[in-house]
Every structure is written in C-alpha cells, then in structure tokens.
Amino acid sequence: MIFILLGSSNAVNLTDGLDGLATSVTFIAMAALTALTYVASDRRWADYLDITFNPSSAELTVFCGAMVGASLGFLWYNAPPAEVFMGDVGSLAIGGALGTVAILTKQEFLLPFIGGVFILEALSVMIQVSFFKFTKRTGGVGKRIFLQAPLHHHFQMSGWKEPKIVFRFVIVAILFALLSLSTLKLR
C-alpha cells in the first residue's frame, strides 16, 4: 500500500510540468475510476463482471465524480496559458487520491493502466537518472537517453509546442483509460 501511495503521488507530481497536463490526465483517470467504483458498488454489475463487490464504494463514486468535476473546473484556469498553478500540494494530493481509491476498490493492479501516462512520466525519470548515474560511474561523462526528463519536457526540448504535447498525452491517457475499462470483462 505504501508503494502504491508513494508511487502514484510522485508520478502525478512528475507529470505536473506543463499547463493543463496533470489536470487533464487526472480528469481522464478519475473518470475511469468513477466507472470502476460504481461497478464495484453495485452487486449485479460486480457479479456480472466478476469483480469484488464493495457496497461502500458508492461513496467513492461520489468522491471520484467530485474529483472529475474539480479537475474540469481547475482546467478552465489551468489551460494554456495558465492563470492558476497546481503545485506540489495539488499534484501530490491528487496522486494520493488515485492510489487510495485504487486500494479501497481492490484495483491496485489496474492502476498502472488507468494512470498509464503518469507511469510513463515516472519511468522516464527513473530511466534517465539510472542511465546517467550508470554511465558516469563507469568512468565516463554521464549520458542521457532523453533530452530532458520527465517525458513531456523531452518533447518540449524536441521542438513540440506545449498544447500539442498536452493534447497528445490526453489522447494516450484516453487510450489507457479505455484499456483499463476493457479489462473488466476479460478477467
């Protein structure tokens, strides 16, 4: 549980670097979790989809729905050019909320698919730092795989404009959310 909470909160924190990126991906991930919590709170759906029935997930559905609405409301002012910024307090709390909902609904193994963009961002940082330290330790100058980590800054350094990066990451986040929801019946 500690690994999930720390990992999810730090992954969202690493994603928060461009105007609207973390917020829009949070909107999509929380929307998917809203569907999962609703299904887990209804016995008929839970039995049909063979997932753990948890009647207290009904309250989590309301919480996730509130997070979806809050993300949309915040995105209004965080869209490029941002007028309001999330900061560490917001991104760490959102990541903690994602991890907590996944734990409470027994969907911990589905969380990497729901928040796939967050995972890609965190992995890009881990790969970059590990490769840099490895190449520096072997006697050379530290080399990098990406131009800059996290991944969204790599694309920014490659010449992509900020709205293009955010929009493409949103598309990837939608695909991850759809993938996670499609696994419900595959189990």
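What follows is calculated from the coordinates using simple rules that are stated; it is not laboratory data. From a predicted model like this one, the values you see are computed outputs, not experimental measurements. Counting neighbours? That spans all protein chains shown, and the Cβs are built from the backbone with ideal geometry, glycine included.
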Problem set entry | Rounded to the nearest 20 debye, dipole of segment 1-151 from Cβ charges on Lys, Arg, Asp, Glu | 720
Problem set entry | Residue exposure sequence - W76, W160 - by fewest surrounding Cβ within 10 Å | W76, W160
Problem set entry | Residue exposure sequence - V12, V39, V141 - by fewest surrounding Cβ within 10 Å | V141, V39, V12
For this session: Write down the Kirkwood hydrodynamic radius of the chain, to one decimal in angstroms, obtained as one divided by the mean of 1/r over all alpha carbon pairs.
Result: 17.2
Seminar exercise, completed: Excluding residues fewer than 8 positions from K164 in its own chain, the lysines with Cα under 29 Å of it are K143
Problem set entry | Listed residues A66, F134, F85: farthest to the positive end of the dipole of the chain (Cβ charges) | F134
Problem set entry | Sequence-distant lysines (8 or more away, or on other chains) whose Cα lies within less than 24 Å of K185 | K106
Seminar exercise, completed: If L110, L181 are placed from fewest to most neighbouring beta carbons inside 10 Å, the sequence is L181, L110
Seminar exercise, completed: Rounded to the nearest 500, the 222 nm mean residue ellipticity computed for the chain from DSSP H runs (n ≥ 4, each -39500 (n - 2.57)) alone is -24500 deg cm²/dmol
Exercise. Out of every Cα-Cα pair in segment 10-85, what percent are more than 16 Å apart?
Worked result: 55
